[in-house]
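The values are calculated or read from the model by the stated rules, or taken from the named source; none is laboratory data. None of the values given here were measured: they were computed from a predicted structure. So basically every Cβ, Gly included, is an ideal-geometry build from the backbone, and we count neighbours across all protein chains shown. Each accessible area value is taken on the protein alone, full model and side chains, heavy atoms only, with ligands, DNA and RNA left out. Shrake-Rupley method; radii C 1.70, N 1.55, O 1.52, S 1.80 Å.
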Amino acid sequence: MPRIVLASQSTSRRRLLEDAGLKPTIIVSNVDEETDFFNAMAPTDMVIALAISKAHTVREMIDYPAIIIGCDSTFDVDGVSFGKPGTPEIAIERAQKISGRTGLLHTGHCIIDTEQGIEIADRVTTKVTFTDMTEEEIADYVASEEPLHVAGGFTLDGFGSPFIPVIEGDYTNVVGISMPFLRSAMKQLGYSWPQVKEMS
């Protein structure tokens with residue numbers, strides 16, 4: 001049976017898969033997410049394009065049958081993509097902008113079954129609402145360094161959770177990969193979820 005390959009270094013995505021009984025092989029694509037080509041896209045299109053690029057890049061790196069999972073996430077605020085802040089200054093600025101507001105967390109997914117030659121790609125969107133955050137809370141959160149390297153500059157499964165009172169949609173999608181979408185894709189590929197678990 002093909003092995004499951006996660007084209008991501010995200011510990012949250014790996015943990016979601018492992019908590020569901022899967023044991024993915026991790027291969028980082030190292031696709032440059034900050035090119036003009038990707039940045040010119042709408043957030044809804046960009047996440048799918050990046051997920052496809054990551055999955056196909058990893059496909060070229062392996063020579064064994066695999067189900068490759070590529071993902072990319074961004075936080076959409078009024079049509080503007082908030083990716084990984086990278087620096088404390090940007091993280092603080094973005095936290096100030098999303099405080100007390102609602103945005104859309106988009107995750108693009110690309111699943112490639114190399115053995116069958118089938119590819120499934122789509123986007124899952126979850127609405128995320130933030131409580132009002134004080135300047136001190138923002139400073140403390142950014143000082144943890146957690147938000148610097150995650151889409152939108154926040155996490156739902158870490159230090160950011162106290163600031164998110166409401167989500168509408170798929171929780172796992174906000175964490176990094178929609179597990180219901182993955183199960184649906186596996187069914188389209190001809191695998192039931194117990195079979196998927198046996199493949200790991």
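Counting lysine pairs in the chain that sit 8 or more residues apart in sequence, or on different chains, and whose Cα atoms lie under 24 Å apart gives 10. The three principal axes of the Cα atoms in segment 86-200 give end-to-end lengths of 52, 26, 22 Å, sorted in falling order. Rolling a 1.4 Å probe over the heavy atoms of the protein chains gives segment 52-200 an accessible area of 46 Å² per residue. Remark: the chain carries a charge dipole of roughly 780 debye about the Cα centre, counting +1 on each Lys and Arg Cβ and -1 on each Asp and Glu Cβ.
Between amide H atoms placed 1.01 Å from N, distances below 5 Å from Asp76 occur with Phe82, Leu104, Leu105, His106, all of them 5 or more places distant or on a separate chain. So what's the angle, to the nearest 10 degrees on a 0 to 90 scale, between helix 88-98 and the longest Cα principal axis of the chain? Helix 88-98 sits at roughly 80 degrees to that axis.
Between the labelled values (1) 9, 32, 29, 17, 9, 2, 1, 0; (2) 9, 37, 34, 16, 4, 0; (3) 8, 23, 33, 30, 5, 0, the entry that holds P(r) over Cα pairs in 10 Å bins from 0, in percent as derived from this structure is (2).
In the chain, taking the dipole from charged Cβ atoms about the Cα centre, the farthest positive-side position among Ile69, Gly169, Gln96 is held by Ile69.
Mind pulling the angle between the C-alpha long axis of helix 179-188 and the longest principal axis of the chain? Nearest 10 degrees, somewhere in 0 to 90. Between the helix axis and the principal axis of the chain, the angle is about 20 degrees.
Of the GluC sites (Glu not before Pro) found in segment 57-144, those that fall in a DSSP loop while having at most 13 other beta-carbon atoms within 10 Å are Glu60, Glu115.
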